[in-house]
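The values are calculated or read from the model by the stated rules, or taken from the named source; none is laboratory data. A quick note: this is a predicted structure, and the numbers were derived from the prediction, not measured. Cβ atoms come from the backbone with ideal geometry, glycine included; neighbour counts cover every protein chain shown. Side chains are part of the model used for accessible areas, which takes the heavy atoms of the whole protein and leaves out ligands, DNA and RNA. Shrake-Rupley method; radii C 1.70, N 1.55, O 1.52, S 1.80 Å.
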Amino acid sequence: AYARYKRAEKQEKLKAKPSAAAAAENPLPVPGWIHSVSSALPALPALPSLMEPTTTGLLQSVEELWTQLFPPEEGGGAAGEPPPETATRPPPPAPPASATEDAFRELAEIEGEEAWREWIDHHVWTYVGLSAPLLGASGPMRSVISGENMGLPVDDLVAREMELSFGSTNTVNMISTRSGWDGAPGDAKNRARLASLRRIVDDIEEAEGEKAWDDYRTLRLLLRDGVDWDVDHPVLEIDTERCAEGGGPCAVEDTVTITPADVENGNIFDEFAKVWHEKDAPLLVKKNQLEDSFWYTDFPNILNHTWDRPPIKHVIMSYGVDISTEISYKYTKQIHDGAVPPEYDGVPTLRSVVSEEEGGALVEQTLDRPRDSSLRSKILKRKTPPRRLIRPANETTLPHSGDGTVPYISLAWAHTWLLHSARAGLHGDGADADDSADAGRNHLGAIAVSHRPKGGMSWVA
């Protein structure tokens, strides 16, 4: 509780103290943990001081509780701070249960699972996701490894220097469709509350066989067939080429194929570090950011499992499709015979980009030089490298491309939420039922599909 208080205190210093009028209109302009406390205050008659309408009042009340637990000693600093080394500090007295133990126990109970679910049921009516990258995206790999200017008139290398100082890029790292469900490693404890997707698939096929999926192609691909990011093309490849002395031809000597799981767990950074010797090893620094923020932390890791449907009654997921979207990259390192190796290799060289197009077709664009997005380049109207079709739509697995930024497989993961909703509806309150109650039941039959014709004003079932 004290650690949370200190984090909240730090955030509080960055904000102006809200007025009483503003607090009345928006009584919860506070960090998440205090938000939970405030929502449950009517259940805390023993803590009337916490019901002050401002964040400052709440923080002061928590500080008072901490002061009672660890009062400042003679020769020491403020409450909770260690005294100078020359001072002797007796053990802190036992705190009075009525003012401290009960209070902190109640604060902890407020953040329990039932409390936050009850708060959501009472206050949140609809969840809306717009182009949500539920399984991450491909672009962050490019931005970290070789730079991505995101349409700005700056060089990719400049953009990379800025990006390497950010930690937030890891939040949209690629997540494998095989991660964290049906008992896979990394499964979160609260995921047991949701029906197993594999059991649902078995129920559907027991009821009607494979024909049950005829109208639900994407659901079949994601759940029954288990397609992943690399179903039609590797997500990333690293080629090492050896070139003959004197500028002769080059031949691929070794290829490293990066899997979705390699991106998810950060192994991609290790693989690049083995091939490229960059000064200060920035990609290993990026891996440390990933591990410190998500893998080795006391907080739940959001990158080791696929996303479940939010526990909210109404959920709307909206996204665009069939716009050219990058999904794969190839990097190439050349070793020239007879040349003196440099001390450092520099930034990894992006050789080609694969994009998914309308209907799921795949095209490849080979880059003969780093992308130039400078104003000079725009004025001279330098041509972009040509693109070539490598797989037509009728030979690919996924039926669409993404929205220009997020690949289709990441957007379409929301389809899996339909089955959780359907099963919850069949059970009434959504509680898990006896397995025998689901045997031979086609949950797809509980899904209603509607559309609005082009130019129309109403939805047609």
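Some notes on this structure:
- Any hit, segment 373-390, residues being among the charged types (D, E, K, R), assigned to a helix (DSSP H, G or I), modelled with pLDDT under 90 and under 21 Å from VAL154 (Cα atoms): yes
- Among the residues of segment 196-230, the ones that are open to solvent by 60 Å² or more (accessible area, probe 1.4 Å) and of a type in the set (Phe, Trp, Tyr) come to 0 in all.
- Total residues in segment 311-333 satisfying the condition of being surrounded by 14 or more Cβ atoms within 10 Å (Cβ to Cβ) and touching a strand residue (DSSP E or B) at 6+ places or on another chain (Cβ under 6 Å): the figure is 15.
- In a residue-by-residue description of segment 231-254, the property of being open to solvent by 40 Å² or more (accessible area, probe 1.4 Å), among the hydroxyl-bearing types (Ser, Thr, Tyr) and not in a loop (DSSP other than H, G, I, E, B) applies to no position.
- In the set (1) assigned to a strand (DSSP E or B); (2) open to solvent by 60 Å² or more (accessible area, probe 1.4 Å), VAL340 fails one condition alone, (1).
- Pick from segment 263-273, criterion in contact with a strand residue (DSSP E or B) (Cβ under 9 Å, 6 or more places away or on another chain) and open to solvent by less than 30 Å² (accessible area, probe 1.4 Å), ranking: nearest to SER146 (Cα to Cα): PHE272
- Filter pass, SER165 being at pLDDT 85 or above and either open to solvent by 10 Å² or more (accessible area, probe 1.4 Å) or part of a loop (DSSP other than H, G, I, E, B) (or both): no
- Contact map, segment 127-143: first residue more than 20 Å from THR332 (Cβ to Cβ) and open to solvent by less than 30 Å² (accessible area, probe 1.4 Å), second residue among the β-branched types (Val, Ile, Thr) and not in a loop (DSSP other than H, G, I, E, B), Cβ cut-off under 6 Å, separation 6 or more or different chains; pairs are GLY136/VAL172; ALA137/VAL172; PRO140/THR169; PRO140/VAL172.
- Residue within segment 113-124 that is buried (at least 20 other Cβ atoms within 10 Å of the Cβ) and modelled with pLDDT of 85 or more present: no
- If you go through segment 276-310 and pick out every residue that is open to solvent by less than 30 Å² (accessible area, probe 1.4 Å) and not in a loop (DSSP other than H, G, I, E, B), you end up with 5.
- Lone unmet requirement of (1) out of contact with any helix residue (DSSP H, G or I) (no Cβ under 6 Å at 6 or more places or on another chain); (2) in a loop (DSSP other than H, G, I, E, B); (3) not small (Gly, Ala, Ser) for THR332: (2)
- Segment 134-157: number of residues that are in a loop (DSSP other than H, G, I, E, B), of a type in the set (A, V, I, L, M) and at pLDDT 90 or above: 3
- Selection within segment 393-417 - open to solvent by less than 20 Å² (accessible area, probe 1.4 Å) and assigned to a helix (DSSP H, G or I): TYR408, ILE409, SER410, LEU411, ALA412, TRP413, ALA414, THR416, TRP417
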